[in-house]
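Novice: Below you will find the structure I want to go over with you.
Laboratory data are not the source of any read-out in this text; all were calculated from the coordinates shown. None of these values were measured; they are calculated from a predicted model. Cβ atoms come from the backbone with ideal geometry, glycine included; neighbour counts cover every protein chain shown.
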C-alpha cells in the first residue's frame, strides 16, 4: 500500500487506512511504503520510507527553493527506487496498490514494480494525472478550468495556476511534460480505480487508456456511524471552508430566512470572509462552529435534519456524502463532478445546479418545512450506504480486480517461459 503520507492528512489517506484494515480483516498482509514524517503512524517498515520533504508548511519562496533543490526527486526519485527495491526484496509482495505518490515519492517507483513483475493498481483521488495543479479549477478566478486537460500544460503558466507563482507553476508543468514523455503512468499502472465515473471520463479525455480504467466507489465502515431518529432543528455543512466548496452560495441562499438554522463546521481560508458576509448582510440563523473531530463531529451531523454539499468544482466522490448517508441524512448536493452519482434526486437527497442560489434555497426550504419526509429519505440514504459503500461489497469487487491482474501476470510469465 503506497501513499506519500502515512497519517490521515486528507480523504485519500482516510480511505487508504480504511482499505488496509479491510484487507487485514480478510487475512491479507498489508505492507506500507511512504515518506518519513513526525506525524506518521508507527510501523516497522518506516526504515524503508523515503526521507522527509515538506512543501506545505512553508512560504511560497521557501517552498519554491525546496522544490528547486529537490527537482530530481520530484521528477524521478532514485531514493524511492532504492528503498522500494529493498522493501520488495525483504517482503516479496504480490500486488501494489498506489494512492498519492506525486512529488514526495514520484512515479519513479513504477519501473521498479514492473521489474519485479508486480501488478499495480492506483486509486485516483485527484485530477493530477491530467492537471498540473490537481483540481481542474482556477483558484484565483473561482471557476472550473480544463485548459490543460488535453495536454496543453503550458497554459497553466499563463495563469500562474500553482501557488499564484510563475516558477512554482513552471515546476509542476515541466513535471507533467516529463512524465507524459515517458508515459510512465500509462505504462506503469495496470488498473486505474476511479471512485466516480466522472473522474474516469476526465482521465479518458486526458488520454489515459480507457481499457485500464475501472469504477469503484470508496468504502466506509457504515455501522460505525451513529444512526438514529433523534434529530434537532438545524441542518449542516461540514468540511473545508474555501471558495471551491460553494459556501458563499449557501450563505446567499440563507438570506431572507425562513428555513432551519445552518451550522457550519470546519475551517479554512474563506472562514473570515464568510463570517464577515453573514455579519454585514445580517443573515439570520447561521452559526460557525469551527473544527470538530471524530465523535464530536459525527454527533453534530447525526442530530442534524439534513446535510448540504454546495461544491462548485469537480468533486471526485466526496466522503461527506458517504458519511451523511451512513448516518441516515438526506443530502442536498450540487450537480457537479461525482456528486450526482451518489445522490438519487428525490429519494435520498436533492440536486441543484452549482452556484444556483434560488434552486438551492428552494430545496433548503422544502426540507425545512416538510420534516415528515426526512425519515423516509434518511432510510433510503442509509440503505444505499449499506448496499453500495460497505466494506463487504468493496472488498468483493476489489479482490476480483486483484485476482484478475495476478492471473494475467501469471499467464504472461508462463507464455514468456514457453
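Novice: Between residue 177 and residue 152, what is the spin-label point distance in nm, taking each point 7 Å from the Cα along the Cα→C-beta axis?
Specialist: Between residue 177 and residue 152, the label points sit 1.5 nm apart.
Novice: Using packing as a proxy for protection, rank 329-335, 167-173 so that the peptide with the highest average count of other Cβ atoms within 10 Å comes first. Could the numbers behind the result be given before it?
Specialist: Numbers: 329-335: 25.1, 167-173: 20.4.
Listed from highest to lowest mean packing, they are 329-335, 167-173.
Novice: Turning to a different aspect of this structure: May I ask for the distance between the Cα centers of the stretch 168-226 and the stretch 313-331, given as a whole number of Å?
Specialist: 21
Novice: Given contacts defined as C-alpha pairs under 8 Å and at least six residues apart, what's the relative contact order of the chain, whole-number percent? Show your work: numbers first, answer last.
Specialist: Values: 719 pairs, mean separation 54.5, N = 418.
For the chain, the relative contact order is 13 percent.
Novice: Compute the Cα gyration tensor for the stretch 223-388, then decide on rounded, prolate or oblate, letting a ≥ b ≥ c be the square roots of its eigenvalues: rounded whenever a/c is under 1.5, prolate when a/b is larger than b/c in the other cases, and oblate in all that remain. List each step's numbers first, then the result.
Specialist: Numbers: a/c = 1.38, a/b = 1.36, b/c = 1.01.
It comes out rounded by the Cα gyration axes.
Novice: Suppose the chain between residue 72 and residue 166 were pulled fully straight at 0.36 nm per residue; how much longer would it get relative to their current alpha carbon spacing? Mind showing how you got there, number by number?
Specialist: Values: separation 94, 0.36 × 94 = 33.84 nm, distance 1.92 nm.
Here the answer is 31.9 nm.
Novice: Among 378, 355, 257, which one shows the biggest mean-square fluctuation in a GNM of the chain, springs joining Cα atoms closer than 10 Å?
Specialist: Looking only at 378, 355, 257, the largest GNM fluctuation is found for 257.
Novice: Just check the stretch 337-418 against the gyration tensor rule for me: Cα atoms, a ≥ b ≥ c as the square roots of the eigenvalues, rounded for a/c under 1.5, and otherwise prolate or oblate depending on whether a/b exceeds b/c. Intermediate values should be presented prior to the final figure.
Specialist: Values: a/c = 8.22, a/b = 2.74, b/c = 3.01.
Here the stretch 337-418 falls in the oblate category.
Novice: Sticking with this one: With label points built 7 Å along Cα→Cβ from the Cα atoms of residue 94 and residue 341, find their separation and express it in nm.
Specialist: So the label points at residue 94 and residue 341 sit 2.7 nm apart.
Novice: Given the convex hull over the Cα atoms of the stretch 165-221, what projected area results after averaging over all orientations, in nm²?
Specialist: Numbers: hull surface 22.3 nm².
For the stretch 165-221, the mean projected area of the Cα convex hull comes to 5.6 nm².
Novice: A further question on this structure: Rounded to the nearest 0.05, what FRET efficiency do residue 51 and residue 85 give with R0 = 22 Å and r taken as the Cβ-Cβ distance? Could you check?
Specialist: Numbers: r = 16 Å, r/R0 = 0.72.
Given R0 = 22 Å and the Cβ-Cβ separation, E is 0.90.
Novice: For the chain, modelled as a Gaussian network with Cα springs under 10 Å, which listed residue fluctuates most, 234, 322, 287?
Specialist: 287
Novice: Tell me whether the stretch 191-283 comes out rounded, prolate or oblate; compute the Cα gyration tensor, take square roots of the eigenvalues as a ≥ b ≥ c, and use a/c under 1.5 as the rounded threshold. Can you show the working numbers first?
Specialist: On the way: a/c = 3.14, a/b = 1.68, b/c = 1.86.
Oblate, since a/c reaches 1.5 and b/c is not below a/b.
Novice: Take every DSSP beta bridge with both residues inside the chain and express the antiparallel ones as a percent of the total, to the nearest 5. Walk me through the numbers on the way to the answer.
Specialist: Working: 2 of 31 bridges.
Counting only bridges with both partners in the chain, antiparallel ones make up about 5 percent.
Novice: So what is the calculated 222 nm ellipticity per residue for the chain, using -39500 (n - 2.57) for each DSSP H run with n of 4 or more, over all residues, to the nearest 500 deg cm²/dmol?
Specialist: Numbers: 16 runs with 178 residues, N = 418.
My calculation for the chain gives -13000 deg cm²/dmol from helical runs alone.
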